[in-house]
Each structure stands twice: as structure tokens, then as C-alpha cells.
1. Go through (1) surrounded by 14 or more Cβ atoms within 10 Å (Cβ to Cβ); (2) in contact with a Leu (Cβ under 9 Å, 6 or more places away or on another chain); (3) at pLDDT below 80 one by one and return the number of the condition B:TYR35 breaks.
2. Would you confirm whether any residue within the range A:73-80 is outside any helix (DSSP H, G or I) and either in contact with a Phe, Trp or Tyr (Cβ under 8 Å, 6 or more places away or on another chain) or over 13 Å from A:LEU144 (Cβ atoms) (or both)?
3. Restricting attention to the range B:103-120, does a residue exist that is over 17 Å from B:ALA40 (Cα atoms) and in a helix (DSSP H, G or I)?
4. Could you list, in sequence order, the residues of the range B:134-169 that are in contact (Cβ under 8 Å) with a residue 12 or more places away in the chain, in a helix (DSSP H, G or I) and more than 9 Å from every other protein chain (Cβ to nearest Cβ)?
5. Go through the residues of the range A:24-37 one by one and say whether even a single one is touching a residue at least 12 places away in the same chain (Cβ under 8 Å), in a helix (DSSP H, G or I), out of contact with any strand residue (DSSP E or B) (no Cβ under 8 Å at 6 or more places or on another chain) and among the acidic types (Asp, Glu).
6. Just one of (1) surrounded by fewer than 14 Cβ atoms within 10 Å (Cβ to Cβ); (2) among the charged types (D, E, K, R); (3) at pLDDT below 75 trips up B:GLU48, so point out which.
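The values are calculated or read from the model by the stated rules, or taken from the named source; none is laboratory data. Because the structure is a prediction, the values reported are computed rather than measured. With ideal geometry, Cβ positions are generated from the backbone for all residues, glycine too; neighbour counts draw on all protein chains shown.
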Amino acid sequence: MGREVAESCIDGVIIEMVSAYASSFYSSKPDLAARRIEAIGFQVGHQLSERYTMERPRFADHLEAIKFICKDFWSELFKKQIDNLKTNHRGTFVLQDNHFRWLTRISLDPAAVANNDATSESESGADMTSMLLYFPCGIIRGALNNLGISCAVSADMTNLPACSFVIRIKA
Amino acid sequence: MQFFSGSTSTESSLLPAAPPGTGAGGPGNNAHMLYIFNRAGVCLLYREWNRPLRTLDPQQDHKLMFGLLFSLRSFTAKIDPTTAEKGNLGVPLLPGQGCSFYSFKTNTYQLNFMETPSGIKLILITHSRTGDQREALKYIYNLYVEYVVKNPLYVPSTPIQCDLFTKNLDQYVRTLI
């Protein structure tokens, strides 16, 4: 439905948005920048989940909704499914993607990693990557919110390009 | 440019009659060096795999290389006998204007050159028995776009320090003949 755009355009827009919010709009307040990026992701996830659940019946329980996120939603967004889903059956889910599409091209600057310090003007690679990851967290939160589940999502990037998203459902 | 004094050089170990595609080629690589410049002459990347002789310090080397190719491109476009419009000598050429020179060969090495419409110049120096390297340069440019331009952490027009790019580049160059 609708027209199509090249994927590199989307990549470019997302990179520029994250970098604009992190470095120019709120350069001294990284928490505010993170919240804004997450809020943008929330809007996007809200609208996308509306579009992708048009023909489906209502979800029976939380697990069904999370499985929808893992399979259909993720394959619409990133052309693959979530590789690993873990839960503690008490409202916490861990979604693991072993080759997250937006992280495949990040390579941390080896010199900066060796020095292990971030100068005051520039963000280190790890900071920028975590800023970038707030956007998919927001998307997941927005999608679940539209399905009636309010939750908190955080990302964990211990080894790129694999990353995992932790969803905590508010009881 | 560089004068290899003495009749023998270490390249003699690199000139096997290896069939294309094997890339085995003896102890070293078949490609010697790679330079990437942007439109303003900033050297974005300099990689060397096999360089027996160094005559200049790196800064001068980069400036000389950029200046040479700038003038050479202008010169080859101006003495082209097949095109009608020439323009004045000394007017800087836009990327893509005029005929495009793509390599020169000496008895010891071959310099392959490619310029993209965005002004990125790729210079690959190989030993003199290699054939046309335009496909290889296009592939390297593709690697540059994928791993450098699309890297969220890369600031444009600064020297490239991306791990993924250099790793893939080394891997690809090892398969070149």
C-alpha cells in the first residue's frame, strides 16, 4: 500500500535525527535527548502497529501480542524475525536480535575505544549507539501501547551487532 | 614519482603466474597501496600492504599524490582529440567532465584511479601485471558507501577509522590479482 522509499533514505533520516537530537538540540542534556528520541519512536510504533494489525483479531493475552511483535512486526520493519524470546512469566520479556539491521554498519573507532575516554565536545561511539537504540525501544513501546499493553522497554548492547530489548509490563 | 633503485626488488616474489581468482600470490598482497581522497584533497584513507620504498614523509606524499592526479585529470581531458569543447587550461574540472583517465603503468607498478561524481578519488597501486582494475575500484567504492557513509558514527570529511571497513577492505584486496 502506498509508494516505496529506498532503505538508505530511511537509514540516513534516522542517523541524522539521532545525531541532531544528541549533538545539537540537547547537547548538554543527554537524558532529554534520549527521551525525545524515544518519544518519536513511540509515535512511529503507535502508527505502525495500527497499520500492521488491520486485518487481525484482538490478541488473547500479553504473550500473543509479544509474539506478534517478534514475528510479523519485526519482519515488516527489519525483514527478519527476533531470534530469541525469553520470559519469566511475570511480565518481563527479553527479545534478542542477533544481527540488528540498524547496527550492522556501526564500527566503533578503535583508537577511541583504546583510550576509553570521551572528550567533552564529542560523544563517544558507545553513547551515540545507545542514543540510536532509544528509537527502536520507543517503537516497541508505542506498538504495545496501541495494543493495550503499557510497558517500559530498554535495550542492551553488550555485543554488536546483536542486541536485546527488555520489555517490562506494568501490572 | 618513486624510483626503485637496484634491479631486484621484493616484488619479484609477488609476480607469480597465478590464475585469476585464487589470490594466493606468495607472501605479500598483490596490491601495494590504496589512497582515498575527498573533493577538497583531504586524505580520508591511506592503506599500505606492501611498500618496499618510502621517499617522502606521509603529509607530503598525500599532497603530491592529490596534486598529481588533479593535474593529470585536467591534462588528459584537455588534450583529448575526440571531444569538441575544451575550455581554458587551468580551469578546474568538475568530476565527470571531460574524458576520464583510469590508470597509468610503469615497468614496476600500475596506478589505478577512479573518481566518483561526489568527488571521492580512489587510487589503487598494484604491481604492473594486473589488468583493468575499474571493477575492483567500483567494489571498493561500494564498500566505502556501505561501511563508512552509512556508519552513524562517522563524521564526513574526516579520516576514516572504521573497523568494519578496513577489515572488509583487507579481505577483498587479498583476493585481487
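1. Answer for B:TYR35: the failing condition is (3).
2. Yes: the range A:73-80 contains one or more residues that are outside any helix (DSSP H, G or I) and either in contact with a Phe, Trp or Tyr (Cβ under 8 Å, 6 or more places away or on another chain) or over 13 Å from A:LEU144 (Cβ atoms) (or both).
3. Just the residues of the range B:103-120 that are over 17 Å from B:ALA40 (Cα atoms), to begin with: B:103-112.
Next, only the ones that are in a helix (DSSP H, G or I) stay: none.
Looking for residues that are over 17 Å from B:ALA40 (Cα atoms) and in a helix (DSSP H, G or I), one finds none in the range B:103-120, hence no.
4. B:ARG134, B:ALA136, B:LEU137, B:LYS138, B:TYR139, B:ILE140, B:TYR141, B:LEU143, B:TYR144, B:ASN168, B:LEU169
5. No.
6. Tallying (1) surrounded by fewer than 14 Cβ atoms within 10 Å (Cβ to Cβ); (2) among the charged types (D, E, K, R); (3) at pLDDT below 75, B:GLU48 fails exactly one: (3).
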